Amino acid sequence: MKLYSGPLSMFGAKVQIAALEKGLAFECIMVPFDRDDRYEPRHPEVLRVNPKRQVPVLIDGEVELFDSTQIFEYLEDRFPEPALWPGDVAARAHARRLELESDEVFFPHVIKLFGLQDDMQSPAAVAACAGCAAFYARLEPLLAAREYLAGGYSFVDIAFYMAQVFAERKGAPMTQATPRLLAWRERVGARPPVREVVGAMMRFLASEGRPVPPHLQALARP
């Protein structure tokens, strides 16, 4: 099994963490990134498999997939234990919706912050940060009676943890306005697969002299 990702690929990191959580044997091939968080040069296998020309790409024998959620669903079907979706049908549907919202509702606000770190008082940056804060506030009540976003630890937690890492990098951090979410971040961030993947990402950033979120600076040390 081969996973093509990149040192600054949020979506690749989601798959890598899930595969590690499941204890899978796989080769992780990191494609280059440029200073603008883009993939350059494009890896020929990524170009061959994914018409969107992006990582992650998974190759497992005759199975060739792209898109982090589709790859995860394949891993969950092929390697159902340990499960990273809830067992109950309704709970699983809720978890899948949360994961979709992390990618398609929350992360677009973060994308708008790319390139605005020198202009964080601009209307575009202020609006993007407000969108992130509103999403944090929406998640806070979910943690009133449970430790993870969909009940037990799941792919939702992996997905949103990585999305908020990028939000922190780009200027939309979580604050004391959401104390349960901050505690959740500590629980997820303490998991060995998360530390392994995020640690490598933070060390890459530090090696290039790029900012590392304060709560992740310990992971950036060699």
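The values are calculated or read from the model by the stated rules, or taken from the named source; none is laboratory data. Note that the structure is a prediction, hence the values are computed from the model and not measured. Cβ sites come from the backbone with ideal geometry, for glycine too, and all protein chains shown count toward neighbours. Quick note on the areas: whole protein, heavy atoms, side chains included, nothing else; ligands and nucleic acids left out. Shrake-Rupley method; radii C 1.70, N 1.55, O 1.52, S 1.80 Å.
Heavy-atom accessible surface of Phe11, to the nearest 10 Å², is about 60 Å², with a 1.4 Å probe and all protein chains retained. Here the gap between Ala127 and Arg42, fully extended at 0.36 nm per residue and compared with their Cα-Cα distance, gives a gain of 27.3 nm. The orientation-averaged projected area of the convex hull spanned by the Cα atoms of the chain comes to 12.2 nm². In this view, the solvent-accessible surface of Val188, computed with a 1.4 Å probe and all protein chains in place, comes to about 0 Å².
Take the Cα pairs of the stretch 158-221, get the Kirkwood Rh, then feed it into Stokes-Einstein at 25 °C and 0.890 mPa s and tell me D in µm²/s. Estimated diffusion coefficient is 205 µm²/s.
To the nearest 0.05, how large is the calculated FRET efficiency for Ala144 and Gln217 if R₀ is 30 Å and r is the Cβ-Cβ distance? Efficiency computed from Cβ-Cβ geometry: 0.50.
Phi angles of the stretch 44-55 translate, via the Karplus equation with coefficients 6.51, -1.76, 1.60 and θ = phi - 60°, into HN-Hα couplings of x, 6, 5, 5, 5, 8, 10, x, 7, 6, 10, 8 Hz per residue; Gly and Pro are given as x.
Once backbone amide H atoms are built at 1.01 Å from N, Gly151 has no partners under 5 Å, excluding neighbours fewer than 5 places away on the same chain. In this simple spin-label model, placing a label point 7 Å from the Cα along the Cα-to-Cβ direction at both Ile111 and Asp88 gives a separation of 3.3 nm. A DSSP coil position with no more than 15 other Cβ atoms inside 10 Å describes the following trypsin sites (Lys or Arg not before Pro) in the stretch 121-212: Arg146.
Along the axis of the charge dipole computed for the chain (Cβ charges of +1 for Lys and Arg, -1 for Asp and Glu, origin at the Cα centre), the listed residues Gln164, Ile71, Thr178 are led at the positive end by Thr178. Rolling a 1.4 Å probe over the protein heavy atoms gives the stretch 72-222 an accessible area of 48 Å² per residue.
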